[in-house]
1. So which of TRP9, TRP101 is aromatic (Phe, Trp, Tyr), without any contact (Cβ under 8 Å) to a residue 40 or more places away in the chain and surrounded by 12 or more Cβ atoms within 10 Å (Cβ to Cβ)?
2. Scan region 12-32 for residues that are of a type in the set (A, V, I, L, M), farther than 16 Å from GLU84 by Cβ and touching a residue at least 24 places away in the same chain (Cβ under 8 Å) and jot them down.
3. Which ones in region 33-76 are free of Cβ contacts under 8 Å to residues at least 24 places away in the same chain and not in a loop (DSSP other than H, G, I, E, B)?
4. On the basis of being assigned to a loop (DSSP other than H, G, I, E, B), at negative phi, modelled with pLDDT under 90 and out of contact with any Pro (no Cβ under 7 Å at 6 or more places or on another chain), does LEU107 make the cut?
5. For region 84-96, does any single residue satisfy the condition of being among the small types (Gly, Ala, Ser) and at pLDDT below 95?
6. Scan (1) crowded, with 16+ Cβ neighbours inside 10 Å; (2) over 11 Å from the mean Cα position of the chain (by Cα); (3) over 24 Å from HIS106 (Cα atoms) for the single condition MET77 breaks and write down its number.
7. Does ALA29 fit the bill of being under 22 Å from LEU99 (Cα atoms) and in a helix (DSSP H, G or I)?
8. Of everything in region 65-74, what is crowded, with 16+ Cβ neighbours inside 10 Å and of a type in the set (Ser, Thr, Tyr)? Give them in sequence order.
Amino acid sequence: MDKGHYFTWVYDITRRIPPGRVTTYGAIADSLALGSARMVGWALNKCAPFDDIPAHRVVNRKGELSGRIHFSTPTRMQELLEKEGIKVVDNRVMDFELLFWHPAEHLEDL
């Protein structure tokens with residue numbers, strides 16, 4: 001698998017997550033039918049040079065902000081989510097099931 005293409009695919013999906021919604025590393029990996037949740041996390045960790053990738057909208061399967069340590073400050077991910085109206089308590093998205101956006105349901109858009 002070409003790492004460059006994989007990263008591009010992850011970034012393309014992440015750009016499509018609507019404001020005020022979240023998805024998971026695993027959902028992105030499933031929609032690509034390649035790699036794993038860990039690989040998606042690794043790709044998003046490398047997206048810092050791109051301002052148009054809303055990596056803050058990607059959480060772990062429990063709705064936890066597991067990627068928060070990779071932002072400019074440990075609270076930045078939560079701040080960005082809250083700016084979009086998403087409530088976060090103890091580093092976990094409240095109403096996660098209601099806010100969950102699955103890329104596989106939008107494959108025709110990808």
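The values are calculated or read from the model by the stated rules, or taken from the named source; none is laboratory data. All of these numbers come straight from a predicted model, not from anything done at the bench. Heads up, the Cβs are rebuilt from the backbone with ideal geometry, glycines too, and the neighbour counts pull from every protein chain shown.
1. Being aromatic (Phe, Trp, Tyr), without any contact (Cβ under 8 Å) to a residue 40 or more places away in the chain and surrounded by 12 or more Cβ atoms within 10 Å (Cβ to Cβ) holds for just one of TRP9, TRP101, which is TRP9.
2. ILE13, ALA27, ILE28, LEU32
3. ARG38, TRP42, ARG68, ILE69, ARG76
4. No: the conditions fail for LEU107.
5. Looking for residues that are among the small types (Gly, Ala, Ser) and at pLDDT below 95, one finds none in region 84-96, hence no.
6. (2)
7. The answer is yes for ALA29.
8. The one that is crowded, with 16+ Cβ neighbours inside 10 Å and of a type in the set (Ser, Thr, Tyr): SER66.
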